[in-house]
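Structure first, commentary second.
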Amino acid sequence: SERRGPLYLALADAIAEDVSAEELSAGDRLPTQRELASALDIALTTVTRGYAEAERRGLIRGEVGRGTYVRGGARPAGARGNGSSVGHGGAPQEPSIADFRINSLLPSPYGSELLASAARMASTGEVGTLLDYQPIGGTKGQRAAGASWMERVGLDVSADRVLVTGGAQHAMAVTFATLTDPGDTVLTEEFTYFGMRSLASLIHIKLNGLPMDEEGLRPDALARACAAGKAKALYTMPTLQNPTATTMSEERRKEIAAIADEHGLPIVEDDSYGFLLPNLKPLSAYSSNAYYLCGTSKSLAAGLRIGFLAPPDGTTSRLEGAICSTIWMASPFMANLAAEWIFDGTADRVMEWKRKELAARQETAQSILREHDYQSHPASPHGVLWLPESWTTADFVTQAAMRAVRVSPVEEFVTSQTAHRNAVRICLGPVPNRTVLERGLTTLSQLAAEPPRAFEAVV
């Protein structure tokens with residue numbers, strides 16, 4: 001009753017979530033359709049359609065005369081080839097490594113459904129629409145999908161102002177290639193997304209990391225930097241900032257936007273994680289000089305590689321030139337697929353599942369790391385573990401790896417000399433299930449509580 005959309009889809013989604021949470025395991029028998037219909041007080045036909053949908057997704061199988069069972073191939077959330085192996089009896093074993101480095105969560109419960117949707121598009125779509133050159137900034141339908149996507153997080157943008165890119169990272173590249181020249185300075189938070197650091201190195205711009213507090217970028221620091229008059233733009237991630245997970249309040253967003261607008265400083269807002277807090281309006285909603293970008297990699301699937309960019313009025317033609325100079329156009333097949341999922345509700349269902357799955361994983365992280373200085377947010381897919389003084393980041397990363405746990409050193413995100421502290425970023429999505437999640441986090445907790453151990457140097 002608390003779910004949106006048709007009841008039969010809600011039933012299939014509930015089965016997918018229980019498989020992900022390992023509350024349902026391979027071989028478990030589900031209630032008969034009549035039993036479930038009676039227990040939930042819904043129509044038998046609704047249960048029949050729900051079971052059929054779950055079977056279409058590869059989650060369950062019906063056996064005539066025996067009942068309905070969870071399939072052996074149904075994998076928990078995020079399951080993939082991540083160091084896993086197959087035992088002598090043919091049963092898949094847990095992966096040997098808990099890798100917390102890549103900020104990704106594969107929507108495995110929807111895998112069969114998403115692949116089937118892609119196959120239908122490939123088999124029924126027109127060759128020219130899917131494989132030929134398309135408008136550089138996207139077709140009308142693709143741009144309309146981008147506008148609809150932004151509307152979900154409270155940003156009112158007309159479709160003709162939306163540009164379709166090859167992912168959010170590509171949207172960043174074309175934006176800064178348009179806004180800056182080599183040697184220019186861009187303001188960021190003192191800890192910032194590694195992709196921004198690598199982009200700055202590629203196009204030869206300088207990053208000036210500004211102090212942060214519990215809400216992210218500090219307004220007083222931004223005002224001082226603007227008064228110095230050397231910056232060309234501000235790059236910021238106001239929602240679930242990567243890596244710190246800090247999130248600006250509405251009041252903070254208004255204050256940051258007002259300072260930037262007063263000084264004529266363009267804002268480049270990376271809202272990659274905005275879908276996890278959809279009721280919080282983007283910073284761009286409060287500025288007339290903002291470049292808003294988001295993508296499908298975090299919210300749907302990394303392999304989709306579609307981004308949406310909403311620049312200020314009057315700037316789209318210059319950005320189209322940058323798109324043309326880099327990839328010419330986003331993949332028509334992937335852009336059409338993303339648009340279809342946005343319009344038919346598939347994207348909403350996947351994002352809702354991700355919100356619930358990541359919240360559950362974050363709750364686990366908060367519990368296991370409660371004795372340590374772990375900084376995150378209840379909705380965040382990542383967090384920072386600040387290390388005791390006895391540890392250096394390099395030693396902690398190395399010794400964690402010796403215990404089959406991989407984490408990212410905080411140095412990968414530092415843009416200010418004064419920001420350095422020993423810490424690691426932990427991404428909760430890439431591990432294949434919650435069992436591996438708990439094991440890896442417990443290892444990190446135990447390691448942080450111990451003094452560093454001497455180990456042999458490599459000669």
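Let me confirm something: among 173, 227, which residue is among the aliphatic types (A, V, I, L, M) and under 26 Å from residue 278 (Cα atoms)? Spell out the reasoning first.
On the way: 227 fails: under 26 Å from residue 278 (Cα atoms).
None of the others qualify; the one that does is 173.
Could you grab me the full set of residues in region 31-56 that are over 20 Å from residue 111 (Cα atoms) and surrounded by 18 or more Cβ atoms within 10 Å (Cβ to Cβ)?
Start the filter on region 31-56 by keeping residues that are over 20 Å from residue 111 (Cα atoms), which leaves 31-48.
Those that are over 20 Å from residue 111 (Cα atoms) and surrounded by 18 or more Cβ atoms within 10 Å (Cβ to Cβ): 33, 36, 37, 46, 47.
Give me the strands (runs of 3 or more DSSP E) completely within region 338-433, filtered to those with at least 3 residues that are within 22 Å of residue 299 (Cα to Cα) and charged (D, E, K, R), ordered by residue number. Give the steps one after another, and end with the answer.
Working: elements: 373-375, 382-386, 423-427.
Qualifying strands (runs of 3 or more DSSP E): none found.
So that you can scan it fast, the table gives a plain yes or no per residue for (1) in a loop (DSSP other than H, G, I, E, B); (2) more than 21 Å from residue 432 (Cα to Cα); (3) touching a residue at least 40 places away in the same chain (Cβ under 8 Å):
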| site | (1), (2), (3) |
| --- | --- |
| 12 | no, no, yes |
| 38 | no, yes, no |
| 50 | no, yes, yes |
| 54 | no, no, yes |
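Is one or more of the residues making up region 217-232 open to solvent by 10 Å² or more (accessible area, probe 1.4 Å) and either of a type in the set (Phe, Trp, Tyr) or within 22 Å of residue 411 (Cα to Cα) (or both)? Steps first, answer last, please.
Initially, region 217-232 is screened for residues open to solvent by 10 Å² or more (accessible area, probe 1.4 Å), giving 218-220, 223-232.
Next, from what is left, pick out any that are either of a type in the set (Phe, Trp, Tyr) or within 22 Å of residue 411 (Cα to Cα) (or both): 218.
Yes, region 217-232 contains at least one residue that is open to solvent by 10 Å² or more (accessible area, probe 1.4 Å) and either of a type in the set (Phe, Trp, Tyr) or within 22 Å of residue 411 (Cα to Cα) (or both).
Going residue by residue through region 272-292, is there one that turns out to be in a loop (DSSP other than H, G, I, E, B), under 17 Å from residue 166 (Cα atoms) and open to solvent by less than 10 Å² (accessible area, probe 1.4 Å)? Full working, then the answer.
Pass one, region 272-292, residues in a loop (DSSP other than H, G, I, E, B): 272-273, 277-282, 287-289.
Restricting the remaining residues to those that are under 17 Å from residue 166 (Cα atoms) gives 272.
With open to solvent by less than 10 Å² (accessible area, probe 1.4 Å) added as a condition, the list becomes none.
No, region 272-292 has no match at all.
Please find, among 333, 396, the residue that is farther than 21 Å from residue 295 by Cβ and in contact (Cβ under 8 Å) with a residue 24 or more places away in the chain. Step through it out loud before you land on a result.
On the way: 333 fails: farther than 21 Å from residue 295 by Cβ.
Being farther than 21 Å from residue 295 by Cβ and in contact (Cβ under 8 Å) with a residue 24 or more places away in the chain holds for just one of 333, 396, which is 396.
Could you identify the single residue in 400, 423, 394 that is open to solvent by 20 Å² or more (accessible area, probe 1.4 Å) and either modelled with pLDDT of 90 or more or hydrophobic (A, V, I, L, M, F, W, C) (or both)? Before the answer, list the steps.
On the way: 400 fails: open to solvent by 20 Å² or more (accessible area, probe 1.4 Å); 423 fails: open to solvent by 20 Å² or more (accessible area, probe 1.4 Å).
Exactly one of 400, 423, 394 is open to solvent by 20 Å² or more (accessible area, probe 1.4 Å) and either modelled with pLDDT of 90 or more or hydrophobic (A, V, I, L, M, F, W, C) (or both), namely 394.
If you take the residues in region 18-29 that are touching a residue at least 24 places away in the same chain (Cβ under 8 Å) and surrounded by fewer than 18 Cβ atoms within 10 Å (Cβ to Cβ), which one is farthest from the chain's Cα centre (by Cα)?
29
For region 113-163, which residues satisfy the criterion of being closer than 30 Å to residue 56 by Cα, polar (S, T, N, Q) and crowded, with 16+ Cβ neighbours inside 10 Å?
Selection gives 117, 142, 148.
Going residue by residue through region 86-107, is there one that turns out to be among the small types (Gly, Ala, Ser) and modelled with pLDDT of 85 or more? Outline the logic, then answer.
Keep residues of region 86-107 that are among the small types (Gly, Ala, Ser), which gives 87, 89-91, 96, 98, 104.
Still in the running and modelled with pLDDT of 85 or more: 98, 104.
Yes, there is a match, as at least one residue in region 86-107 is among the small types (Gly, Ala, Ser) and modelled with pLDDT of 85 or more.
Output yes when any residue across region 67-76 is open to solvent by 60 Å² or more (accessible area, probe 1.4 Å) and of a type in the set (A, V, I, L, M), and no when none is.
no
Among (1) over 24 Å from residue 139 (Cβ atoms); (2) open to solvent by 20 Å² or more (accessible area, probe 1.4 Å); (3) touching a Ser or Thr at 6+ places or on another chain (Cβ under 7 Å), which single condition is residue 268 missing?
Result: residue 268 fails condition (2) only.
Please tell me if residue 416 is polar (S, T, N, Q), touching a residue at least 60 places away in the same chain (Cβ under 8 Å), open to solvent by 10 Å² or more (accessible area, probe 1.4 Å) and closer than 26 Å to residue 197 by Cα.
On the way: polar (S, T, N, Q): yes; touching a residue at least 60 places away in the same chain (Cβ under 8 Å): yes; open to solvent by 10 Å² or more (accessible area, probe 1.4 Å): yes; closer than 26 Å to residue 197 by Cα: yes.
Answer is yes for this residue.
The values are calculated or read from the model by the stated rules, or taken from the named source; none is laboratory data. Here the structure is a predicted model, which means the values were calculated and not measured. Neighbour counts are summed over all protein chains in view; Cβ atoms, including those assigned to glycine, are modelled from backbone coordinates with ideal geometry. Accessible surface is based on the protein model in full, side chains and every heavy atom, while ligands, DNA and RNA are left aside. Shrake-Rupley method; radii C 1.70, N 1.55, O 1.52, S 1.80 Å.
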